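Quick notes on the structure that follows.
The values are calculated or read from the model by the stated rules, or taken from the named source; none is laboratory data. Because the structure is a prediction, the values reported are computed rather than measured. Every residue, glycine among them, receives a Cβ derived from its backbone with ideal geometry; neighbour counts consider all protein chains shown.
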Amino acid sequence: MSAEAAAGRPADVPEGTARSASTDPGGRPEVTRGVARPEGGGRAAGGDAPAPVRQWPIIAVIAGAVIGLVVTATGQFRAGTILIGASLLLGAGLRWAVTAVGMLAVRSRFTDVITYGILGAAIILLGMMAQPDPLIRIPFLEDIIHFSVR
């Protein structure tokens with residue numbers, strides 16, 4: 001056995017040279033083999049179920065958003081916008097309550113719930129404030145809009 005092998009260093013690496021932890025024994029960079037699934041990213045149903053059944057949480061959220069877009073396109077802006085926001089809130093609730101949500105899990109559970117919840121609430125709030133005849137009035141937001149439009 002050579003002195004380099006006894007020291008745990010390949011013969012082609014000079015003595016005193018630090019070896020990077022991200023290289024394989026041949027000196028090439030390591031290749032990423034895969035990415036860990038987000039927490040809860042497993043199937044929502046067993047592997048023997050058809051694909052739509054395994055991914056029912058994301059299908060429910062997408063279906064709600066599509067229905068909201070269709071309602072908006074037919075001329076009911078406020079109702080469609082509220083449906084879109086409600087489907088995002090449904091996604092937040094499913095991500096929080098269901099352990100395995102399949103493709104609905106994008107990031108950590110905490111981040112997904114906060115993101116879906118804030119976006120859903122903001123879309124509903126903006127839909128309710130839409131002109132003409134808003135359902136709710138928030139004075140400081142109206143002042144900001146009037147100030148910025150001038």
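The residues on offer are V61, V13, and the sole one that is modelled with pLDDT under 60 and among the β-branched types (V, I, T) is V13. The residues of region 136-150 that are surrounded by 10 or more Cβ atoms within 10 Å (Cβ to Cβ) and not in a helix (DSSP H, G or I) amount to a single one, I138. Residue-level check: of (1) assigned to a helix (DSSP H, G or I); (2) small (G, A, S); (3) under 30 Å from the mean Cα position of the chain (by Cα), A100 misses just (1). Within region 87-121, being closer than 16 Å to G64 by Cα, surrounded by fewer than 20 Cβ atoms within 10 Å (Cβ to Cβ) and of a type in the set (G, A, S) holds for G93, G117, A121. Residues in region 111-135 that are in a helix (DSSP H, G or I) and hydrophobic (A, V, I, L, M, F, W, C): V113, I114, I118, L119, A121, A122, I123, I124, L125, L126, M128, M129. Count of region 36-57 residues, restricted to those that are at pLDDT 65 or above, farther than 14 Å from A97 by Cα and among the aliphatic types (A, V, I, L, M), is 4.
Regarding D143, is this residue out of contact with any helix residue (DSSP H, G or I) (no Cβ under 7 Å at 6 or more places or on another chain) and on the phi > 0 side of the Ramachandran plot?
Values: out of contact with any helix residue (DSSP H, G or I) (no Cβ under 7 Å at 6 or more places or on another chain): yes; on the phi > 0 side of the Ramachandran plot: no.
Taking the combined requirement at face value, the residue does not satisfy it.
For the condition over 30 Å from D133 (Cα atoms), part of a helix (DSSP H, G or I) and without any contact (Cβ under 8 Å) to a residue 40 or more places away in the chain, what is the one hit in L94, L83, L90, L69? Quick ask: steps written out before the conclusion?
Values: L83 fails: over 30 Å from D133 (Cα atoms); L90 fails: over 30 Å from D133 (Cα atoms); L69 fails: over 30 Å from D133 (Cα atoms).
Going through L94, L83, L90, L69 in turn, the sole match is L94.
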